[in-house]
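The values are calculated or read from the model by the stated rules, or taken from the named source; none is laboratory data. Small disclaimer: the values here were computed from a predicted structure and weren't measured. So basically every Cβ, Gly included, is an ideal-geometry build from the backbone, and we count neighbours across all protein chains shown. All accessible areas refer to the heavy atoms of the entire protein, side chains included, with ligands and DNA or RNA removed. Shrake-Rupley method; radii C 1.70, N 1.55, O 1.52, S 1.80 Å.
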Amino acid sequence: MKFSLHSIYDYYRSLIRSTKYRWWIVLGTLIYFISPLDFSPDFFPIIGQIDDFVILSLLITELIKVIFEERRGSTQVMEKESSENETVEVEVISIDKHSN
């Protein structure tokens, strides 16, 4: 099994988009951010904070995307429902090809 940053990112994105696991991922990310046990410990200057800020920025970015996608989806559903109930009046004009 091959691990790459891209595959980990894709897995994180898929979990945060799942309504079943979303809040568990948010909670786990926040615990990781607060916890002193990290991939690179916080007592190393700068390097210790980089992984915290990367994971926090990833969380914020993905949550913003999820919120915008859900809002866009709900407005599209509302537009579709309102367009289904509208009556459209059409005026028909006959065009005769042989008249000048």
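For the reader, a short list of remarks on this structure follows.
- Label sites at T61 and Y21, each approximated as a point 7 angstrom past Cα along Cα to Cβ, lie 1.9 nm apart.
- Accessible-area composition of the stretch 5-47, carbon plus sulfur, in percent [1.4 Å probe]: 79
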